[in-house]
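The values are calculated or read from the model by the stated rules, or taken from the named source; none is laboratory data. The structure displayed is predicted, hence computed values, not measured ones. Here the Cβ positions follow ideal geometry from the backbone for every residue, glycine too, while neighbour counts run over all protein chains shown.
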Amino acid sequence: MNTLAHTPHGAGASAMAPPAASRRTGMRWSRDEIIARAVLLAVMAMLFVFLVAPLVTILAHAVQDKDGRFVGLAHFITYFQTPSLLRAAWNSVWVSAAVVAIAVPTAFVFAYALTRSCMPVWLKATFRLVALIPLLAPSLLSAISFVQWFGNQGSLKFLLGGMSIYGAPGIILAEVYNTFPHALMILVTALSLADGRLYEAATALRTRPLRQFMTITLPSCKYGLISASTVVFTYVVSDFGAPKVIGGNFNVLSVDVFKQVVGQHNFSIGAVVGMLLLLPSVISFAIDYVVRRKLKAQLTARSVPYRPKPRKVADALLLAFCAGVCALLLATIGMAVYTSVITLWPYDLSLTLKHYHFVLLESDMAAAYFNSLTVAAITAVAGSFIVFVGAYLIEKTRNLGMMRRTMHMMAVLSMAVPGLVLGLGYVMFFNHPANPLGFLYQTMAILVVSMVVHYYTSSHLTAVTALKQIDNEFEAVSASLKVPFVKTFFRVTVPVCLPAILDIGRYFFVVSMASLSCAIFLYTPDTILASVAIMHMDDAGDIGPAAALASLIVVTSTVVCIVYSLLTRVLLARTQAWRLSGRT
């Protein structure tokens, strides 16, 4: 067994050579050590300034009056004594719980069909591709579609039996659509990790399929179910787009904080709402963290991969279920696309491209679209570099002590901070006259930074997972050969981890194109993003142009994903030929 892998704090790293190598290389390696720690401190400083400091600023505003005097919990008391404001908090909680109750079981059955049925492989691939489409769209797109389907002039309004889609029903439907792929990805992973020996033993004991499901399948993926539930709950509580478009007079926390800050310029109550909005996210994150720590490996060296056996009736039912879910998903995005190519819903249904012409040529929306492209591209490049370098340094540098724990804590903290809260914190922190970084406010740079910080955690965990698969002997050998750790990083680590780096870049691009809550407080007329422009056009009643711009975002993200797949194949063929040669 490799002893380097068991030294304290991940010893054998490039920045800190083994003791013998350190004595041989002298001051050269201590210079590398200083460089590594300096770069890590720079990444930590970025997270502190752009994540921790804004949150502290929100807390300070929540306990201060307009003149900066400490008032304690006075603003919280005022908030909870206002029935309409308190109702918004309750609405957010029960609507989020309702979405969890619908989206997670639906995603579980869908994931079960993908992993435990004998459907044709091409059908599984098609279903999975369709199921992930909502990830590419802004959250407003689903709300616009459901208004077209079930609104006052909707095609299927009669199905509601007189009930209005505006309010809680519309928010729940839109959020189920938006959160379904998030839950699906987690549950597919949970269901994929199954030991076939357990099912073989159960079959040998003549255990019925339903009992196998209840005693083996469900317990084995309970952590995945809990994790999916916390992710969905957090997403719904913090989402702004769907409630803004289809919520009507049904108030929730995310819309409430927008009204308090933008509508009434009441930053103290806005800060209180921001803290309340942060609370359920932190609780969900804490639950997910505890669950992950208790998670034990389900697959061991002796495990046998689970291979589903054909069950005609069950396979047919699961296929029908997946087809039905995919039809609903396609109908949702299809209505948005259809709305974008007709003259005027529902009075003139003739096909036209005038909405796209208006968006791209006749209005300022073209600038918003290209602003989103710019922000997404820069975020993809800069975010990938910052995240991977930070993950590399905390994984491959020895004897960091508190630095490692502090960096990891800040890296995962962003997952618990809703985009609206982060944006509000930026307004309060960077707009302060005494802040030397105030020049960043109302610039494209702060939009890029907000995207990187807000989506830092998922990318960080992806990078750490990839780096843990690289044996520390690479860095140890490089140190013994007096090779600078920077050269090892670019010549060994980056090529080996290239798939993960490209995946992080694609993720940053897609989420930045569709993100609304991060940017809603930070844009200016010159830096407005496409997602914000869609919201404004919907408010003005320009449904056709709004649907056209939302469809452009989906098409752009789809093209980027296709290019990513092709680029990945080419780059991996050139940089990781050793993987292919090892298979022969």
Task: Whichever residue in segment 342-352 is outside any strand (DSSP E or B) and free of Cβ contacts under 8 Å to residues at least 60 places away in the same chain and, among such residues, is surrounded by the fewest Cβ atoms within 10 Å (Cβ to Cβ) - done: 347
- [ ] Please specify each residue of segment 449-469 satisfying the condition of being of a type in the set (S, T, N, Q), buried (at least 24 other Cβ atoms within 10 Å of the Cβ) and under 12 Å from the mean Cα position of the chain (by Cα).
- [x] 459
Task: Considering residues of segment 49-74 that are in contact (Cβ under 8 Å) with a residue 24 or more places away in the chain and farther than 24 Å from residue 453 by Cβ only, the residue surrounded by the most Cβ atoms within 10 Å (Cβ to Cβ) - done: 64
Open item on the list: Among the residues of segment 445-458, what is the count of those that are in a helix (DSSP H, G or I) and closer than 15 Å to residue 381 by Cα?
Closed with: 9
Open item on the list: Could you go through segment 404-420 and let me know if any residue there is within 26 Å of residue 38 (Cβ to Cβ) and either among the charged types (D, E, K, R) or not in a helix (DSSP H, G or I) (or both).
Closed with: yes
- [ ] Within segment 210-240, track down each residue that is within 15 Å of the chain's Cα centre (by Cα) and either farther than 29 Å from residue 308 by Cα or of a type in the set (Val, Ile, Thr) (or both).
- [x] 230, 231, 232, 233, 234, 235, 236, 237, 238, 239, 240
Open item on the list: Yes or no: segment 425-444 includes at least one residue that is closer than 21 Å to residue 510 by Cβ, in contact with a helix residue (DSSP H, G or I) (Cβ under 7 Å, 6 or more places away or on another chain) and surrounded by 24 or more Cβ atoms within 10 Å (Cβ to Cβ).
Closed with: no
Open item on the list: With the requirement that a residue be within 12 Å of residue 499 (Cα to Cα) and either touching a residue at least 12 places away in the same chain (Cβ under 8 Å) or surrounded by 15 or more Cβ atoms within 10 Å (Cβ to Cβ) (or both), what does segment 557-571 give you?
Closed with: 564, 567, 568, 571
Open item on the list: Taking the conditions exactly as written (over 23 Å from residue 417 (Cα atoms), surrounded by 15 or more Cβ atoms within 10 Å (Cβ to Cβ), touching a Phe, Trp or Tyr at 6+ places or on another chain (Cβ under 6 Å) and modelled with pLDDT under 90), does residue 17 satisfy them or not?
Closed with: yes
Task: Which numbered condition residue 98 misses (of (1) within 22 Å of the chain's Cα centre (by Cα); (2) closer than 25 Å to residue 309 by Cα) - done: (2)
Open item on the list: Can you find a residue that is at pLDDT below 85, aliphatic (A, V, I, L, M) and in contact with a helix residue (DSSP H, G or I) (Cβ under 8 Å, 6 or more places away or on another chain) anywhere in segment 499-511?
Closed with: yes
Open item on the list: Checking the structure you have, find out if any residue of segment 304-316 is within 30 Å of residue 546 (Cα to Cα), at pLDDT below 75 and outside any loop (DSSP other than H, G, I, E, B).
Closed with: no
- [ ] Grab the helices (runs of 4 or more DSSP H) fully contained in segment 162-273, keeping just those with 1 or more residues being modelled with pLDDT of 85 or more.
- [x] 168-192, 222-238, 241-246, 253-258
Open item on the list: I'm trying to understand the selection: among the residues of segment 324-375, which are β-branched (Val, Ile, Thr), more than 30 Å from residue 113 (Cβ to Cβ) and touching a helix residue (DSSP H, G or I) at 6+ places or on another chain (Cβ under 6 Å)?
Closed with: 339, 359, 375
TODO: For segment 387-406, enumerate the residues that are surrounded by 20 or more Cβ atoms within 10 Å (Cβ to Cβ), under 26 Å from residue 288 (Cβ atoms) and either within 20 Å of the chain's Cα centre (by Cα) or not hydrophobic (A, V, I, L, M, F, W, C) (or both).
DONE: 387, 388, 390, 391, 392, 395
Task: Contacts under 6 angstrom Cβ, first residue in segment 434-453 being closer than 20 Å to residue 419 by Cβ and free of Cβ contacts under 8 Å to residues at least 12 places away in the same chain, partner surrounded by 17 or more Cβ atoms within 10 Å (Cβ to Cβ) and hydrophobic (A, V, I, L, M, F, W, C), 6 or more apart - done: 440/430; 440/446
